[in-house]
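The values are calculated or read from the model by the stated rules, or taken from the named source; none is laboratory data. Since we're looking at a predicted model, the values are computed, not measured. With ideal geometry, Cβ positions are generated from the backbone for all residues, glycine too; neighbour counts draw on all protein chains shown. Side chains are part of the model used for accessible areas, which takes the heavy atoms of the whole protein and leaves out ligands, DNA and RNA. Shrake-Rupley method; radii C 1.70, N 1.55, O 1.52, S 1.80 Å.
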Amino acid sequence: TTDFDFSHLATRFRELAFLNSGLKIVLSDERKEKKEEFQYFGGLQEFVKWLNKTKEAIHKPIYFKKQTDSTIVEVAVQYNLGYQENIFGFVNTINTVEGGTHIVGFKTALTRVINDYAKKQNVMKAESLTGDDVREGLTAVISIKIPEPQFEGQTKTKLGNSEIKGVVDSISMSALQEFFEENQRRTYPLAVLG
């Protein structure tokens, strides 16, 4: 007998609806007359807000989507007043719970951009922030679409394409630098730096 787990399916359908802005998915369990609909027009921006719903966010989500050759990189970032880092990665809508090269590329870019910006704004002296420092209170969703993903790990939920690290790093660095430059008068990076 096949027995469906409603909450497990709801979690996955919610992810798919966030990852595919505007897509409507209806989950209905006729045995228990239970029904849930998932549709989010805000895509990843709504996803990070939903992930932060029980936390105190300190700014609106930072969002960018860029394509280079056949790779699409879409990212939403929002900091909250908590201490925990929550980074979720997806490749072709597959949840890469073990991370992978796309997550490494994003983390590298984020750390470098915040350090560069802090030095440029004279917020820091000679020492640099570590990756752990800049990711404290971070909620981020990194979704990429690539033609031939190579998954690793026991459960095949870790992206192994080595070239993707550089692609995500480059796109994220450029987009985050642009965001900070355009929003200098706001307190986004300064709030992040404490």
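Sort out which residues of segment 88-117 are under 10 Å from K158 (Cα atoms) and in contact with a Pro (Cβ under 6 Å, 6 or more places away or on another chain), and write them in order of number. Within segment 88-117, V91 is the sole residue that qualifies. Of the listed requirements (1) more than 16 Å from the chain's Cα centre (by Cα); (2) assigned to a helix (DSSP H, G or I), K107 misses just one: (1).
In this structure, is E15 under 24 Å from E136 (Cα atoms) and in contact (Cβ under 8 Å) with a residue 60 or more places away in the chain?
Numbers: under 24 Å from E136 (Cα atoms): yes; in contact (Cβ under 8 Å) with a residue 60 or more places away in the chain: yes.
For E15, the condition - under 24 Å from E136 (Cα atoms) and in contact (Cβ under 8 Å) with a residue 60 or more places away in the chain - is met.
Given the structure, is Y63 assigned to a strand (DSSP E or B), aromatic (F, W, Y), touching a helix residue (DSSP H, G or I) at 6+ places or on another chain (Cβ under 9 Å) and buried (at least 22 other Cβ atoms within 10 Å of the Cβ)? Even if it seems obvious, please write down each step before you answer.
On the way: assigned to a strand (DSSP E or B): yes; aromatic (F, W, Y): yes; touching a helix residue (DSSP H, G or I) at 6+ places or on another chain (Cβ under 9 Å): yes; buried (at least 22 other Cβ atoms within 10 Å of the Cβ): no.
So Y63 does not fit the description; no.
Conditions tested, residue by residue: (1) in contact (Cβ under 8 Å) with a residue 60 or more places away in the chain; (2) closer than 28 Å to T11 by Cα.
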site	(1), (2)
N92	no, yes
T96	yes, yes
G100	yes, yes
T108	yes, no
E127	no, no
T130	no, no
E148	no, yes
D169	yes, no
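Here S128 fulfils each of the conditions (1) of a type outside the set (V, I, T); (2) open to solvent by less than 70 Å² (accessible area, probe 1.4 Å); (3) in contact with a Pro (Cβ under 9 Å, 6 or more places away or on another chain) apart from (3). Count of segment 14-60 residues, restricted to those that are open to solvent by less than 100 Å² (accessible area, probe 1.4 Å) and in a loop (DSSP other than H, G, I, E, B), is 11. Within segment 68-87, the residues that satisfy the criterion of being buried (at least 18 other Cβ atoms within 10 Å of the Cβ) and either under 14 Å from the mean Cα position of the chain (by Cα) or under 14 Å from L51 (Cβ atoms) (or both) are V73, E74, V75, A76, V77, Q78, Y79, N80. Take A140 and tell me if it is out of contact with any helix residue (DSSP H, G or I) (no Cβ under 6 Å at 6 or more places or on another chain) and open to solvent by less than 70 Å² (accessible area, probe 1.4 Å). Yes: the conditions hold for A140.
The rows are residues; the columns are (1) at pLDDT 90 or above; (2) under 18 Å from D69 (Cα atoms); (3) among the hydrophobic types (A, V, I, L, M, F, W, C).
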{"residue": "V104", "(1), (2), (3)": "yes, no, yes"}
{"residue": "K107", "(1), (2), (3)": "yes, no, no"}
{"residue": "V113", "(1), (2), (3)": "yes, no, yes"}
{"residue": "E127", "(1), (2), (3)": "no, no, no"}
{"residue": "F151", "(1), (2), (3)": "yes, no, yes"}
{"residue": "K158", "(1), (2), (3)": "yes, no, no"}
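Of everything in segment 88-99 that is open to solvent by 10 Å² or more (accessible area, probe 1.4 Å) and outside any loop (DSSP other than H, G, I, E, B), the residue that is farthest from V134 (Cα to Cα) is I94.
In segment 35-56, the residues that are acidic (D, E) reach residues that are part of a loop (DSSP other than H, G, I, E, B) with C-beta atoms within less than 6 angstrom, at least six apart or across chains, in these pairs: E46/Y40; E56/L81.
Each residue in segment 150-159 was checked for being assigned to a loop (DSSP other than H, G, I, E, B), free of Cβ contacts under 8 Å to residues at least 60 places away in the same chain and either of a type in the set (S, T, N, Q) or open to solvent by 40 Å² or more (accessible area, probe 1.4 Å) (or both), and 4 pass.
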